[in-house]
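Read the figures in this text as sums done on the coordinates, not as results from a lab. Quick caveat: nothing in here was measured; it's all calculated off a predicted structure. Here Cβ is always computed from backbone atoms with ideal geometry, including for glycine, and neighbour counts include all displayed protein chains.
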Amino acid sequence: MINEGTIMTTMYYCLLWTDLIPEPATRYEIAWTMIGILSVAAIINISQMVIELVKSIVVMCKKISAKCKRDKLDIQEKLDDTIKKQQTRDDKLRKLRTILLTIKE
């Protein structure tokens, strides 16, 4: 909406630079108002792009954070499983050692 308004205003200002306004000083002042209008439109458009960029960066960071948390949980689960397996092996070895010690005696 702002872009369309800027284009229409700029087209109107182009008419003001003709011989419709005879004084060059007045045309010069009108040119500065047009520069102001174009600058405001450019700032608004750049601001919108920056806001969208920041939003997409935030979404991307949230996705990466969630993935890291899932990966961390997966690694923790694998580590827990490995520890349980090792404890089971250790228990079996202890039982076997006690059986062997009782057989030797």
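Quick notes on this one:
- Largest GNM mean-square fluctuation among LYS67, LYS84, LYS55, using the chain with Cα springs under 10 Å: LYS84.
- Under 28 Å between alpha carbons - lysine pairs in the chain that sit 8 or more apart or on different chains: 23
- Positive-end residue, the chain charge dipole about Cα centroid, Cβ charges, pick of LEU15, CYS61, MET49: CYS61
- Once the Cα atoms are used to define both axes, helix 24-104 deviates from the longest principal axis of the chain by about 0 degrees.
- Dipole magnitude for the chain: computed about the Cα centre from +1 point charges on Lys and Arg Cβ and -1 point charges on Asp and Glu Cβ, it is near 1680 debye.
- Residues ASP19, ASP80, sorted so that the one with the fewest Cβ neighbours within 10 Å comes first: ASP19, ASP80
- Radius of gyration and maximum dimension Dmax of the chain, Cα, Å: 37.5, 123
- Euclidean distance of C-alpha centroids, segment 77-105 and segment 46-71, integer Å: 48
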